[in-house]
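So the structure is just underneath, and the comments pick up after that.
Bear in mind these aren't lab numbers, they're just calculated from the coordinates by the rules spelled out. Owing to the predicted nature of the structure, the values given are computational and were not obtained by experimental measurement. Cβ coordinates were reconstructed from backbone atoms using ideal geometry, including for glycine residues, and neighbour counts include every protein chain displayed.
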Amino acid sequence: MDEKVETYSSVFLTCLSVALYLRHNLTKTALSHHLDILKVAMSASYKELTSPHNLLAKYENLKTRVKKIFVCPKPKCSTILIVKDGKPEENQPCGHKYIAKQSNNCYVLQLPIEEQLVYFNKHRGLTKAVPCDPNVRSDVYSGELYGKLRTEGKIDDFTITLQANADGAKPFVVTKYSFWPFLGIVNEAKYKLRRNFVILMVLWYGNESHLLKPSWDGQSTN
Ligand SMILES: [Zn+2]
């Protein structure tokens, strides 16, 4: 059973302060003043809250490479848009014009899978995929497909495989636009770890009608 650890609401202050800084594009000076106000209200002193530098240093390791791919917002068109200076150009190869002030943005955020897997292995650990007796216990690596890929040499002891899952959430009730996270479950992790920690591979925002294609096409161009 997981051990319960008592925490205080103040432990969230660093995370909330960084969220405020990013959400409102605060300057470092504004962030510094925000931290000054926190200091007045707090009885204890946290090093991370003493300056913007110390606060942001806490999250330095989370800086990562995220690739943003714009997709044509027209329903049933899944063309990846040509981008110049970070914005889609007006004339696109599919023939649909992208008008900056009128067109909805549909995009795919690709997160670095390799970095996440290295982090996962370092902090959670992987187990060797020992084929188990399918009559005794069923698992991904006792399954027929996994066994076939091993026999064919496509999977060995150094291979990490992922199960992909997707689940969407609408930001507003009256919209066709949704966020869809594409999650990866690490097959070679212990069952409990597999359930508790997932890899975020792709985050899609756009029209549901052409959800899948650009997410995976874009991945292959990475
Ligand atoms: Zn189009």
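Annotations
- Each of the peptides 27-39, 107-119 was scored by the mean count of other Cβ atoms within 10 Å over its residues; in descending order, highest first, they stand as 107-119, 27-39.
- Binned Cα-Cα distance frequencies in the stretch 9-62 - 5 Å width, integer %: 4, 20, 35, 28, 10, 2
- When you count the other C-beta atoms within 10 angstrom of each residue and take the mean per peptide, 64-73, 17-26 line up highest first as 64-73, 17-26.
- Ranking Gln92, Val108, Phe12 by how far each Cα lies toward the positive end of the dipole of the stretch 1-156 (charges on Cβ) leaves Gln92 at the top.
- If the segment from Phe179 to Leu200 were pulled out straight at 0.36 nm per residue, it would be longer than the present Cα-Cα gap by 6.3 nm.
- Across the stretch 9-62, the mean sequence separation of Cα contacts (distance under 8 Å, 6 or more residues apart), normalised by length, yields a relative contact order of 30 percent.
- Label-point separation in nm, Tyr59 to Tyr191, each point 7 Å along Cα→Cβ: 3.7
- Restricting the stretch 1-77 to GluC sites (Glu not before Pro) in coil, as DSSP defines it, with at most 12 other Cβ within 10 Å: Glu3, Glu6
- Subset of Lys63/Lys122; Lys74/Lys101; Lys4/Lys192; Lys67/Lys154; Lys122/Lys192; Lys76/Lys97 violating a 20 Å alpha-carbon distance limit: Lys67/Lys154
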